[in-house]
Amino acid sequence: MNAIETGKALTGNRLSDGEVVFLTRSGAWSVSIDEAVIALEPQSEAALERRGEQAVAHNVVTEAYLIGVERSQGRVRALHIRERIRATGPSVRLDLGKQSQGTGGGFAPQS
Amino acid sequence: MYRYDEFDHRFVSERVAQFRDQAARRLSGELTEDEFKPLRLMNGLYLQLHAYMLRVAIPYGTLSGKQMRKLADVADKYDRGYGHFTTRQNIQYNWIKLEETADLLQELSEVEMHAIQTSGNCIRNVTTDHWAGAAADELADPRPVAELLRQWSTLHPEFSFLPRKFKIAVTGAPNDRAAVKVHDIGLRMHQNDAGERGWEVIVGGGLGRTPLIGYTVREFLPETQLLSYLEAIMRVYNLHGRRDNKYKARIKILVHELGEENFRAEVEAEFARQKELDVEVESRELERISNYFAEPAFETLPRLSTGYEAARAGDPAFAQWVRSNIAAHRKDGYAIVNISLKPEGGIPGDATSEQMRTVADLAERFSVEEIRVSHHQNLVLPHVKLDDLHEVWKVLAANGLASANIGKAGDIIACPGLDYCTLATARSIPIAQTISRRFADLNRQHEIGPLRINISGCINACGHHHVAHIGILGLEKKGVEYYQITLGGSSATDASIGTILGPGFSGDKVPDAIETIVNTYLNLRQGGDDSFLDVVRRLGHQPFKEALYAPA
Amino acid sequence: MPLLKDNDFIDDTWQRLDDGAAIPATGDILVSLARLLADFGKLSNRDGRLGVEFPNEERPGVLESFLPDLSLIALTFPKFADGRAYSQARQLRQLGYDGELRAIGDVLPDQLSFMLETGFDAFEVTERFPEEAWEQAASSISLTYQSAAYQPRRLHVWRLRWARDEGV
């Protein structure tokens, strides 16, 4: 069985260095989309959004918003190409960004 | 070249300190993001997809070897070893940290550089002809006026919160290489029968969502009235430009909605009321600045160089590069060297820190220390002796900088697109890469002749696709990128806006489509002098449409 | 809200008069442009100074004949990024107005020096920022490249150069 879960993850850019980060289950922010906590239903989406507002108010991230993702075998893939590029790095410079640091999640932006 | 005096130094240092304080207040939480964003933007700092992006001003595209070397150092120390030269003659760094930005700006200030007004709703970096002061066809070097405008527009108290960004381009040559007709204000130098110089003032051009060619609001403005007149235009715009819709906020929309005559009347009435500007101070300053742009001490050389002719005859690769990358200099025995930042399969406008240092070295050894950035995202060594060209070419070739494709199919303008930019709807760079690989054969590029292919990754048109012979616009539908093709644009003296050819293509189909368009042109042209743009203008879109959309 | 004037927080002695309200016999009153135009006769013949809150959409030329009777003109910044009032301020100063020019609305320290340069001399501000923040903001840049300032505070670079090069 290779179950695919579809839901929402909360993402933003870190205030101090602009790095793309994702909210994790523990409430910390991770640079890897694979560690993102995923809301599978509307109530938990609203809860994530509240956590996002707090993180903005506390100047952790500049803005926080939900993105559509799917998870399979522990890897998370953003549904929109823009978010896949944010989660991995520039598709024209595979030597740069998260994809070059082992934090790029399991999916290339093109896939 | 212009050099800072103690006052310019003090001004920029104070500006860096001011930004350091603003950034600290943001990091401490005293300022909200909404309050800080316009402040950081006024210092060129964006938040892009992966990190902060810093756009550093290269005023009117002119820089010294020393400045280029600092740009390389900044790339290594604060970024990831490269930078991206833009269509506005600036450079962008893609991996900047907010915490380090003030330090970076301080380092830049040591070589008389800054990021002031490279973003925000203010008067942006003034651009000009990248061959200014060197071109054979020039009336006069436009850079003294460009520098005057740089100073006048810097932190202008009245015009720092305009309805929208504001771009001014200046040219001193009859052949427009500064795209003055597609700027908010374009200034073109003319000389009257009495031998006096003045400016044709063109207003309301622009690209983006609503591409328009500017119109001439004044045919001939005496040089001494320039700043007063610009203040009048800016004031009319600041007061009456739309602020209800950011997509209708540029001056071109105001001109369009008021009508050319009404707009002119508003400006002339405001100009007549301007009485406080101090013309004498302004003329003295222009005179002072002009001294910095005095012609370099060129040697008296013969028009022909035997060494150069011999190298050209004996080295076909060099000869080919000369044909595309060398332009006529105003001085006998000298040439303008255009350095292509468009290697086959490369990222248009990107240069590594090592390449920057190579160009800095070459400028110091062979080009009176001067470098230019072109709005085609290439670099220029403006003053190279014919005798030195072969040596310069060899160094460039050894560093991946000798692509012989200036003005050809491979010389593609591309914005950063969705690989970096938060506004983008589609990727631009991979499209540029695949097209440049498709046209990798340089002999074929030379056979095709002048061809400008520009790619933008969204409707904002940073890649200037509207004024390309072949323009490509990246859009998105339901998360899938697709690309619209326009034909017939030009940013030259006879500027025109390209129009859409037909339905768009997915990214992987774009190179085939471009190839079909180019082959159609080759079949239609009447000899090698009949350029792509000539053919499109003569025959219209129909033959290209037929070739592209014919049922298989 | 406190009023910032000459680097000091002072009490605002002006009274805002609603368009329908009766005109008080004494005291300084600030009225709308519509009220000014409708009731100028009554407003100008009383014991107390007169001010007007001038909208961003109007052309300052409308006020030209009223200027000798006005002691306060308030210009609005609906958002700090809406800069129309900077041009209005300069136009009013060019028309010869030399009374109080007050910035109201979204007035923040980081824009204070621009406001001073274009002719504002009073600022309705929030208490969010301490007095030092305003002082620091107004003095963070000591030079200017524009010759247009009303009562210049910063030093004009081009004039400094002229003086330097003339040796005066």
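The values are calculated or read from the model by the stated rules, or taken from the named source; none is laboratory data. All values derive from a computational prediction rather than experimental measurement. So basically every Cβ, Gly included, is an ideal-geometry build from the backbone, and we count neighbours across all protein chains shown.
Going through (1) surrounded by fewer than 19 Cβ atoms within 10 Å (Cβ to Cβ); (2) within 30 Å of C:LEU17 (Cα to Cα); (3) within 11 Å of another protein chain (Cβ to nearest Cβ); (4) at pLDDT 90 or above one by one, C:GLY99 falls short only on (3).
Every residue, every condition in (1) modelled with pLDDT of 95 or more; (2) among the hydrophobic types (A, V, I, L, M, F, W, C), yes or no:
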site: B:GLY195; (1), (2): no, no
site: B:VAL203; (1), (2): yes, yes
site: B:PRO211; (1), (2): yes, no
site: B:THR216; (1), (2): yes, no
site: B:PHE220; (1), (2): yes, yes
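Can C:ARG35 be described as free of Cβ contacts under 8 Å to residues at least 24 places away in the same chain and either of a type in the set (Lys, Arg) or more than 12 Å from chain B (Cβ to nearest Cβ) (or both)? For C:ARG35, the condition - free of Cβ contacts under 8 Å to residues at least 24 places away in the same chain and either of a type in the set (Lys, Arg) or more than 12 Å from chain B (Cβ to nearest Cβ) (or both) - is met. Taking the range B:1-48 as the range and being at the interface with chain C (Cβ under 10 Å from one of its Cβ atoms), of a type in the set (Asp, Glu) and surrounded by fewer than 20 Cβ atoms within 10 Å (Cβ to Cβ) as the test, the residues that pass are B:ASP5, B:GLU6, B:GLU14, B:ASP21, B:GLU30, B:ASP34, B:GLU35. When the range B:344-376 is filtered for residues that are assigned to a strand (DSSP E or B) and buried (at least 24 other Cβ atoms within 10 Å of the Cβ), the ones remaining, listed by number, are B:ALA351, B:ILE371, B:ARG372, B:VAL373. Scanning the range B:25-39 for residues that are part of a helix (DSSP H, G or I) and either in contact with a Pro (Cβ under 7 Å, 6 or more places away or on another chain) or free of Cβ contacts under 8 Å to residues at least 40 places away in the same chain (or both) yields B:ARG25, B:GLU33, B:ASP34, B:GLU35, B:PHE36, B:LYS37, B:LEU39. Residue count for the range C:113-128, restricted to those that are in contact with a strand residue (DSSP E or B) (Cβ under 7 Å, 6 or more places away or on another chain) and either within 11 Å of another protein chain (Cβ to nearest Cβ) or among the β-branched types (Val, Ile, Thr) (or both): 5.
Flag: B:GLN48 matches the condition of being closer than 21 Å to B:CYS421 by Cβ, among the polar types (S, T, N, Q) and under 24 Å from the mean Cα position of the chain (by Cα). In this structure, is B:GLY172 of a type in the set (Gly, Ala, Ser) and at pLDDT below 95? Against the criterion (of a type in the set (Gly, Ala, Ser) and at pLDDT below 95), B:GLY172 does not qualify.
Restricting the first member to the range B:349-378 and to residues that are closer than 30 Å to B:HIS465 by Cα, and the second to residues that are among the acidic types (Asp, Glu), the beta-carbon pairs closer than 6 Å and six or more apart or on different chains are B:SER353/B:ASP76.
From the list A:GLY97, A:GLY68, the lone residue that is within 11 Å of chain B (Cβ to nearest Cβ), in contact with a His (Cβ under 8 Å, 6 or more places away or on another chain) and in contact (Cβ under 8 Å) with a residue 24 or more places away in the chain is A:GLY68. Would you confirm whether any residue within the range B:12-23 is in contact (Cβ under 8 Å) with a residue 12 or more places away in the chain, in a loop (DSSP other than H, G, I, E, B) and under 20 Å from B:ASN125 (Cβ atoms)? Among the residues of the range B:12-23, not one is in contact (Cβ under 8 Å) with a residue 12 or more places away in the chain, in a loop (DSSP other than H, G, I, E, B) and under 20 Å from B:ASN125 (Cβ atoms), which makes the answer no.
The single residue among B:LEU277, B:LEU301, B:LEU258 that is modelled with pLDDT of 95 or more and crowded, with 16+ Cβ neighbours inside 10 Å turns out to be B:LEU258. Among the residues of the range B:212-255, those that are more than 14 Å from chain C (Cβ to nearest Cβ), more than 21 Å from B:MET189 (Cβ to Cβ) and surrounded by fewer than 23 Cβ atoms within 10 Å (Cβ to Cβ) comprise B:LEU212, B:TYR247, B:LYS248, B:ILE253.
Here is a check on your reading of the model: is A:ARG51 at pLDDT 95 or above, crowded, with 18+ Cβ neighbours inside 10 Å, of a type in the set (Lys, Arg) and more than 10 Å from the chain's Cα centre (by Cα)? So A:ARG51 fails the test. Restricting attention to the range B:122-132, the residues that are in contact (Cβ under 8 Å) with a residue 60 or more places away in the chain and surrounded by fewer than 24 Cβ atoms within 10 Å (Cβ to Cβ) add up to 1.
Restricting the search to helices (runs of 4 or more DSSP H) fully inside the range B:271-343 and requiring at least 3 residues that are free of Cβ contacts under 8 Å to residues at least 24 places away in the same chain and within 14 Å of chain C (Cβ to nearest Cβ) gives B:279-292.
Selection within the range B:153-186: residues that are part of a loop (DSSP other than H, G, I, E, B) and of a type in the set (Lys, Arg). The member of this set that is nearest to the other protein chains (Cβ to nearest Cβ) is B:ARG164.
Every residue, every condition in (1) within 11 Å of chain B (Cβ to nearest Cβ); (2) on the phi > 0 side of the Ramachandran plot; (3) modelled with pLDDT under 95; (4) crowded, with 21+ Cβ neighbours inside 10 Å, yes or no:
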{"residue": "C:PHE80", "(1), (2), (3), (4)": "yes, no, yes, no"}
{"residue": "C:ARG84", "(1), (2), (3), (4)": "yes, no, no, yes"}
{"residue": "C:SER87", "(1), (2), (3), (4)": "yes, no, no, yes"}
{"residue": "C:LEU92", "(1), (2), (3), (4)": "no, no, no, yes"}
{"residue": "C:PRO130", "(1), (2), (3), (4)": "yes, no, yes, no"}
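Across the range C:144-168, the qualifying residues are those that are more than 10 Å from chain B (Cβ to nearest Cβ) and farther than 19 Å from B:ALA17 by Cβ, and the one among them that is nearest to the chain's Cα centre (by Cα) is C:GLN151. Which residues, taken from the range C:119-143, are more than 20 Å from the chain's Cα centre (by Cα) and hydroxyl-bearing (Ser, Thr, Tyr)? Within the range C:119-143, C:SER140, C:SER142 meet the criteria.
Of all residues in the range B:394-438, which are in contact with a Pro (Cβ under 7 Å, 6 or more places away or on another chain), part of a helix (DSSP H, G or I) and either more than 14 Å from chain A (Cβ to nearest Cβ) or of a type in the set (S, T, N, Q) (or both)? Hits for the range B:394-438 are B:THR434, B:ARG438.
Candidates C:SER44, C:SER65: the one that is of a type outside the set (A, V, I, L, M), in contact with a helix residue (DSSP H, G or I) (Cβ under 6 Å, 6 or more places away or on another chain) and more than 14 Å from every other protein chain (Cβ to nearest Cβ) is C:SER44.
Checked against (1) modelled with pLDDT under 90; (2) within 23 Å of B:MET234 (Cα to Cα); (3) polar (S, T, N, Q), C:SER139 passes all but a single condition, namely (2). When the residues of the range B:489-530 are filtered to those that are of a type in the set (A, V, I, L, M, F, W, C) and assigned to a loop (DSSP other than H, G, I, E, B), the one that is surrounded by the fewest Cβ atoms within 10 Å (Cβ to Cβ) is B:ALA492. Every condition in (1) in contact with an Asp or Glu (Cβ under 6 Å, 6 or more places away or on another chain); (2) surrounded by 20 or more Cβ atoms within 10 Å (Cβ to Cβ); (3) of a type in the set (Gly, Ala, Ser) is met by B:SER324 except one, and the failing one is (1).
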